[in-house]
Every structure is written in structure tokens, then in C-alpha cells.
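Visitor: Got a structure here, written out as C-alpha cells. Questions coming.
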């Protein structure tokens, strides 16, 4: 009987060792997946373009001199700039410019006044790296405020 008990105990130990190995392998895989997910999130943060100007509440005017500002990954050497009304591209502002975070020029000529314009900056080498500005307002012309005070 003692011998039979020892055989059963050894079988249980072997099965426990196999189960332990399986559990360890599963834990290693889960930790690896978590590390990969964290690295991917870090990659995504470093592969997006953040448009800082124009901002929500800005008003741009027809034929005005406008400045676009952005922050992009260091590996982005050149970008292109597009103008959108809502989700529709309406103008290619510039096909290629250096990724220096700043572009100024005269554009937005005679579009319909609206509040839902925005700028899109795109990495010229990888169109999956891009960013949109906040929505801003556009008007046809600028009128200085009228003096309403009386003397």
C-alpha cells in the first residue's frame, strides 16, 4: 500500500508541475501583452501631430494673413497643410513645408462664412500621422468695431 501511495503522490506532483508551468507561461504571455500594449500607446503618443493654432474661438477672415502652428514627431521632416469645412477637404494650403511647427500665409479666399472650419497637418512621408485643429470661425471680411460712444 505504501508503494501505491507513493506512485499516486508522484503522479500528482508531476501533474502539479505541468500545471505550474502552464500557469507561468500564461502569466508571462499576459505580462508581455501588457508591455506591448503600453509600448503601442507610447508609440501612438509620439506619432501624432498636435495642431495648436488655430484654436476654438478664433475667427479668420477672407484674404487674411493666417498662421498655423503645430507640434509633430521629430522624425517628421515635412508636412502638408489642408483646410477642411467639417469633414470635407476644401483646400490644399501647402503641399510641402518643413516641419518647423509654423506656417503663415494668405489663404481661405471667398469661402462660405461658417464656424466649422479646421486645419489638418499631415506627415508627407506617412499619411497615417496627422492632426486636426480645433474648429474655428471664418468670415468674408473684417470690419473694425464702430465707435458707439457719444461726446
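Visitor: Looking at segment 49-72 only, could you name the residues that are at pLDDT 85 or above and either outside any strand (DSSP E or B) or touching a helix residue (DSSP H, G or I) at 6+ places or on another chain (Cβ under 8 Å) (or both)?
Guide: Those that are at pLDDT 85 or above and either outside any strand (DSSP E or B) or touching a helix residue (DSSP H, G or I) at 6+ places or on another chain (Cβ under 8 Å) (or both): 49, 54, 55, 56, 57, 58, 72.
To keep it simple, each residue is scored yes or no on (1) buried (at least 17 other Cβ atoms within 10 Å of the Cβ); (2) out of contact with any strand residue (DSSP E or B) (no Cβ under 8 Å at 6 or more places or on another chain); (3) not assigned by TED's automatic domain parsing to the domain that holds residue 59.
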{"residue": "88", "(1), (2), (3)": "no, yes, no"}
{"residue": "94", "(1), (2), (3)": "no, no, no"}
{"residue": "109", "(1), (2), (3)": "no, yes, no"}
{"residue": "117", "(1), (2), (3)": "yes, no, no"}
{"residue": "123", "(1), (2), (3)": "yes, no, no"}
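Visitor: While we're looking at this one, here's another question. For segment 73-112, enumerate the residues that are closer than 14 Å to residue 49 by Cβ and not in a strand (DSSP E or B).
Guide: Hits for segment 73-112 are 73, 74, 75, 76, 77, 99, 100, 101.
Visitor: Separate question: Return yes or no: is residue 86 out of contact with any helix residue (DSSP H, G or I) (no Cβ under 7 Å at 6 or more places or on another chain) and either at pLDDT below 90 or more than 30 Å from residue 139 (Cβ to Cβ) (or both)?
Guide: Criteria not met by residue 86.
The values are calculated or read from the model by the stated rules, or taken from the named source; none is laboratory data. Here the structure is a predicted model, which is why all the values come from computation and not from measurement. When we count neighbours, we look across all protein chains shown, and the Cβ atoms used for this are built from the backbone with ideal geometry, even at glycine.
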